[in-house]
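Down below is the structure, laid out as structure tokens.
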Amino acid sequence: MSVNNEWRLAAYKEVVGCLNPFFFTYLGDYCRNCQQVIGRLPEAIEESIDLLEGVYPGCCHRGAGDIFRLEGESSERACLAPEIITELQLERKHKLEQSISSGGSYTFRRHRDGVQVKGAHCLYFSAKGCLLGDLKGPLCINFICPPMRSDLLAVCGGDHSLVGPEHDFLFIYRCLATISYDDQDEVARELSTLRQRLRALADKCRVFLAKRQIQSLYDFF
Ligand code: SF4
Ligand code: SF4
């Protein structure tokens with residue numbers, strides 16, 4: 001990345017860095033109990049499994065951290081800017097070299113046909129969670145499964161303009177497209193808007209929990 005463009009990677013990391021605490025505080029319980037969450041889906045019976053070996057990684061399958069598509073954006077903006085991807089991958093390589101372990105595999109049996117399936121963790125998945133911090137990929141900070149989405153909508157009174165459309169939680173992909181392709185002033189405006197939206201949603205979650213004197217959205221729903 002040219003020196004002139006370094007601010008794009010810095011802005012990208014700022015987005016991930018401000019979303020991580022929200023995921024950790026309000027949504028982490030869901031992912032730690034992924035199979036129960038999936039059990040709420042209409043297709044749950046089709047998808048149910050018995051874990052035979054290893055740790056079930058939820059959405060953190062091999063390759064998921066390396067998906068850089070920006071769903072819903074026009075074709076020329078439908079992927080994170082190549083220069084951001086290159087720098088991210090370089091910094092990730094460095095981070096991975098310093099970590100003790102990452103990745104791994106697991107085996108499960110599908111209830112619907114009894115077939116045993118072996119899966120591989122994302123390379124950045126570890127016993128302590130994701131190793132990447134603010135270097136996570138776009139999908140990792142954007143994807144919320146349907147039960148999470150419906151709970152967040154319940155928390156904020158069905159305000160889709162806050163939660164964002166189904167394919168773009170909090171309009172994160174739109175923000176990343178701006179970071180990739182627009183000028184520095186536009187990026188600053190978009191970052192500020194994302195921060196405001198995130199703060200508003202976090203406030204709704206905090207008030208919802210406090211009113212009910214509960215600790216966790218996952219436990220409540
Ligand atoms: S987002 Fe949903 S499906 Fe994915 S790991 Fe978390 S709980 Fe499981
Ligand atoms: S990069 Fe991290 S959050 Fe994303 S899939 Fe891999 S382990 Fe999960």
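The values are calculated or read from the model by the stated rules, or taken from the named source; none is laboratory data. The model shown is predicted, which means the values in this text are computed figures rather than measured ones. Counting neighbours? That spans all protein chains shown, and the Cβs are built from the backbone with ideal geometry, glycine included.
Things worth noting here:
- Residue satisfying condition, being aliphatic (A, V, I, L, M), modelled with pLDDT of 95 or more and under 21 Å from F68 (Cα atoms), within set L135, L152, L201: L135
- Highlighted here are the helices (runs of 4 or more DSSP H) found entirely within region 170-221 that include at least 2 residues which are within 26 Å of P82 (Cβ to Cβ): 172-181, 184-212.
- Checking T107 against (1) touching a residue at least 24 places away in the same chain (Cβ under 8 Å); (2) assigned to a loop (DSSP other than H, G, I, E, B), the condition it does not meet: (2)
- Applying the condition of being free of Cβ contacts under 8 Å to residues at least 60 places away in the same chain and of a type in the set (A, V, I, L, M) to region 1-37 and asking which residue is surrounded by the fewest Cβ atoms within 10 Å (Cβ to Cβ) yields V3.
- Criterion violated by L90 - all others in (1) more than 20 Å from the chain's Cα centre (by Cα); (2) in contact (Cβ under 8 Å) with a residue 40 or more places away in the chain satisfied: (2)
- Residue within region 116-126 that is outside any helix (DSSP H, G or I) and of a type in the set (D, E, K, R) present: yes
- Of all residues in region 39-65 being surrounded by fewer than 13 Cβ atoms within 10 Å (Cβ to Cβ) and under 12 Å from G119 (Cβ atoms), the one that is nearest to the chain's Cα centre (by Cα): G63
- Of the residues examined, G114 is not one that is more than 16 Å from ligand 1 (Cβ to nearest atom) and touching a His at 6+ places or on another chain (Cβ under 7 Å).
- The lone exception for I67 - which of (1) within 16 Å of ligand 1 (Cβ to nearest atom); (2) in contact (Cβ under 8 Å) with a residue 60 or more places away in the chain; (3) in contact with a strand residue (DSSP E or B) (Cβ under 9 Å, 6 or more places away or on another chain) it fails: (3)
- Subset of region 160-212 [in contact (Cβ under 8 Å) with a residue 24 or more places away in the chain, within 15 Å of A10 (Cβ to Cβ), surrounded by 19 or more Cβ atoms within 10 Å (Cβ to Cβ) and not hydroxyl-bearing (S, T, Y)]: C175, L176, I179, V187, L194
- Some residue of region 43-62 being among the β-branched types (V, I, T), in contact with a Pro (Cβ under 8 Å, 6 or more places away or on another chain) and within 16 Å of ligand 1 (Cβ to nearest atom): no
- Qualifying residue in region 85-97 (condition: modelled with pLDDT of 95 or more, among the β-branched types (V, I, T) and within 22 Å of R8 (Cβ to Cβ)): yes
- Each residue in region 1-56 was checked for being away from ligand 2 (no atom under 16 Å from the Cβ), closer than 19 Å to A188 by Cβ and of a type in the set (K, R), and 1 pass.
- In summary, I144 fulfils each of the numbered conditions (1) within 16 Å of ligand 1 (Cβ to nearest atom); (2) hydrophobic (A, V, I, L, M, F, W, C); (3) over 17 Å from Y12 (Cβ atoms); (4) not in a loop (DSSP other than H, G, I, E, B) with the single exception of condition (4).
- Residue, farthest from the chain's Cα centre (by Cα), within region 123-141, restricted to residues that are buried (at least 22 other Cβ atoms within 10 Å of the Cβ) and away from ligand 1 (no atom under 15 Å from the Cβ): L131
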